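A quick write-up on the structure given underneath.
Readers should treat all values here as calculations from the given coordinates under stated rules, not as data from a laboratory. The structure presented is a predicted model; accordingly, all values stated were derived computationally and were not measured. Reconstructed Cβ throughout: ideal geometry from the backbone, glycine too, with neighbour counts over all protein chains shown.
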């Protein structure tokens, strides 16, 4: 009986880990940050940019999407709301988000963007 219970618990654990691994998509890009010159200006979403908020600019993710940005080199992560667009960059983080992942000093870093699977990529 104990073996049966342990096997079922293991199956449930595996099922949960499989579900969470397929419930999100990821993209590896270079991250940079922006702040002072844009603080107080309108963003593509219509919100006023606040360098102290955890927001980001991305070329194609839906505006309003909340994503996790994780540095590849040291694993530091931050959750940000996409509220602006950027041109040729991978993702531009607000000053507050950049500070959270240690990007202020480095300027740029390779990151993985974790996107919930239910979000459609904007064209």
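So for 81, 52, fewest C-beta neighbours within 10 Å to most, what's the order?
Fewest-to-most ranking of 81, 52: 52, 81.
Note the full-extension length gain between residue 68 and residue 44 as 0.36 nm times their separation in residues minus their Cα-Cα distance, in nm to one decimal.
Extending this stretch completely gives an extra 6.6 nm.
Rounded to the nearest 0.05, what FRET efficiency is calculated for residue 37 and residue 110 with R0 set to 22 Å and r the Cβ-Cβ distance?
It comes out at approximately 0.35.
Once you have the Cα-Cα distance between residue 30 and residue 53, take 0.36 nm times their residue separation minus that, and quote the gain in nm to one decimal.
Using 0.36 nm per residue and subtracting the Cα-Cα distance, I get 6.2 nm.
Rule-of-thumb check for region 25-116: C-alpha Rg over 2.2 N^0.38 Å?
So the Cα radius of gyration is 0.94 times the expected 2.2 N^0.38 Å.
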